[in-house]
Every structure is written in C-alpha cells, then in structure tokens.
Amino acid sequence: MSDYTNPAFVGWVGAWVVALLVVAGGLLRGRASTPAASSEPVGEPAPAARTPRDRFRLGLAKSRDALGRRMRGALGRDQDVDALLEGLEQGLIESDVGVRTTQELLDVVRALPTAERTESGVRAALRREIRAMLDDATPAGGEPGDTPWICLLVGVNGVGKTTTIGKLAARHREAGRSVLLVAGDTFRAAAIEQLGVWAERTGAEIVRQEPGADPSAVVFDGVGAAVARKTDVVLVDTAGRLHTKVNLMEELKKVRRVVERQCPGAPHEVLLVLDATTGQNAISQARSFSEAVAVTGVVLSKLDGSARGGMAVAIRHELGLPVRYVGLGESAADLQPFDPDAFVDALLPESG
C-alpha cells in the first residue's frame, strides 16, 4: 500500500491542514480587527469629534500658513517701518484680503508706537481690526422664520451650488425642518440627478422636470407645492451662469420674480456661492449678482483648498455682504455657519 493512501498518513496530513487553517484564520481575524491607518493628521480629532473651531482651524490651514510665513518674514529682522509694511502688504494681498482692506489694515500697523511693532503687537492689532471689519457678519434674517422660507442659490459655473444645497438640506433636516428642493438648473441633467440623490439621502422632497425645461416653470411648480404642503424650507437650485452674460442674468431675474409673485416677501434669502480658490475674481462676481438679484449673503465654498481665506474679509468689508457659510471640507458637517471669532483665530492666531 502506498504511503499516500495509508489511512494513518492521510489522517496525519489532515490534522496538519486543519491546524494550519485555524492559525491562518486567527491571523486574518487579528488583521481585520486592527484599525486601518488613519488619514487624519496625527493629533487631530476624528471628523465626528471636531468642533466648529477645529473645522475652521483645519480648513484655513493653507491661508494661515501663507499669511504667517509672510508676517514672520516681515517681522523677523530689524528693519524700518516701510520694509515692515511692504512685507505685510504682500502677505495680505496674497491672502486676498483685497487692496482697499489691506491698505486700511496697514494704516492700523503704521499708527502703532515703535515699541509695539513686534510680532505679537502687530498680530494683536491686525486681529482686532479684522474682527471689527467682520462685525455683524451674519445679521438676522439668515435663518427660517416664515413658512415656506425660500432660499435661492446663485453663482457661476462650477462653484458647487448643487452640493451646497444638498449640505444645507442636511442641516435643515437635522434641525427637524421639512425641506423641498427645486431643481431649477435644467441645463444640466447631472445637476437634476445630483439633487435627487441629495433629496433621497437627506429625506427632503424634490420638484424637478426633464432637462431643458423652462427654469421659471420648475420654480413656479416648486414654490406652489411648498405652499400647498406647508413646507418649512425651500432650497432653489439655479443654473451656473457667467455674471457677464446679460441674457442669463435676465433669466435669473425672472426666476426671482416668479418666486416673489407666488410668495410675497420671498425669496427670504439669496445666497451667492463663491469658489474661494478664484480669489479677487469672486469680488466682481459678487458685485454683478448683487446688482441683478439683490444677494443677501455669501457661501464661500472650497475654502479648505485655498490659501485665499482673506477673501471673506474683503467680501464683508468692501461689499457689505455677510458671509453665511463656509465650505471647510467634503462632508455635510464641513459646511459651517460663518463664525467671525473662529475665523480670526484660525486665520491669524495670537501666536504663530
């Protein structure tokens, strides 16, 4: 009889196979139970545990580093006040604080006594002045009151309007409000589909038509449905349009008129979504949209991907528009209500 057919040999081999399988299974279970390496920076709180200030600090990291580097360069050596101001000016301009706002901040530094032109002294003076410029950055009226409370979102192509609407829907649903989304961007089938996904994800209702439909007709149906259903919040998406295209801006005015006729006093909020990475071009966009549809507030999207966080100061101080929300990451929780104190602390901490 061959050794390979000997019952004793077969049993011995079988026992070893079983033992090896048991060991291998244990190793695999141990590996599966070991937490995967986190992509979060060492020492940073997990996303679910982050406070709003954590999110501001992380989201403004690029802006803070760029401005801080310029400040240290300007203040780190013995020099006259002109050299100091030149270095600060470059840092503020690169952070997109805006030319006019930058000059006002430099005037504050210029007026400091010589003994206070230290890094800590200049920081303190800039922090005070920037905070004053952002005062009342979120005046009353930005939150739902009337039913339905209607918010129209506008902006150029690619700034993230549809995603912002989805994140706003999530916030309102978490607050216990009923939400209706209106797919007024009928030029892009993808926008209608994306809004449908957000509606399903957040438990919001949606009014939409086929791509190519008249945007005003979709908005008419949406507002009518919200009034009939006594919906708390209506978020209206609109197609991205260049602020320089007169015919497209006229179409946006028509959408606003439709809302006003159906629901007197509405829209209660017109939010302009601006891409923070576009810098000063966003200022000209804000001026054009404000003239066309009376913008009441701004959402700064993609702020975490930009070193131009100072744009929030320019928008508020030079245009008088409140920044309502800022995008500080990809998740719905990363769309944060604008907090001037957290913003100043994140952009220009007391020590750097």
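Bear in mind that the values in this text are calculations on the coordinates, not laboratory data. Computed from a predicted structure; not experimentally measured. When we count neighbours, we look across all protein chains shown, and the Cβ atoms used for this are built from the backbone with ideal geometry, even at glycine.
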*Name the long-range amide H neighbours of residue 159: under 5 Å, sequence gap of 5 or more, or other chain; modelled H, no Pro or chain starts.*
none
*Write out the GluC sites (Glu not before Pro) in the range 242-349 meeting two conditions: DSSP loop, and at most 15 other Cβ atoms within 10 Å of their Cβ.*
330
_Order 84-95, 302-313 from most to least packed using the mean count of other Cβ atoms within 10 Å._
302-313, 84-95
_Dipole moment magnitude, nearest 20 debye, the range 203-332 about Cα centre, only Lys, Arg, Asp, Glu C-beta charged_ = 280 debye
*Could you tell me the largest-minus-smallest coordinate of the C-alpha atoms of the range 206-352 on each of the three principal axes, in descending order and whole angstroms?*
54, 33, 28
*Can you give the convex hull volume per residue for the Cα atoms of the range 284-352, as a whole number of Å³?*
104 Å³
*If amide H atoms are built 1.01 Å from N in the plane of the peptide, which residues on other chains or at least 5 residues away come under 5 Å of the amide H of residue 150?*
234, 268, 269
*How big is the range 95-226 by the Kirkwood estimate over distinct Cα pairs, in Å?*
18.3 Å
*asked:* Just to check I understand the Karplus step: with θ = phi - 60° and J = 6.51 cos²θ - 1.76 cosθ + 1.60, what whole-Hz values come out for the range 118-127, glycine and proline as x?
replied: 9, 4, 5, x, 5, 4, 4, 5, 5, 4
*Can you list the lysines whose alpha carbon is less than 26 Å from that of residue 302, not counting same-chain residues fewer than 8 positions off?*
62, 161, 167, 245
*Could you run the Debye sum over the Cα atoms of the range 183-236, one equal point scatterer each and no solvent, and tell me log10 of I(q)/I(0) at q = 0.13, 0.22, 0.29 Å⁻¹, two decimals?*
-0.29, -0.81, -1.20
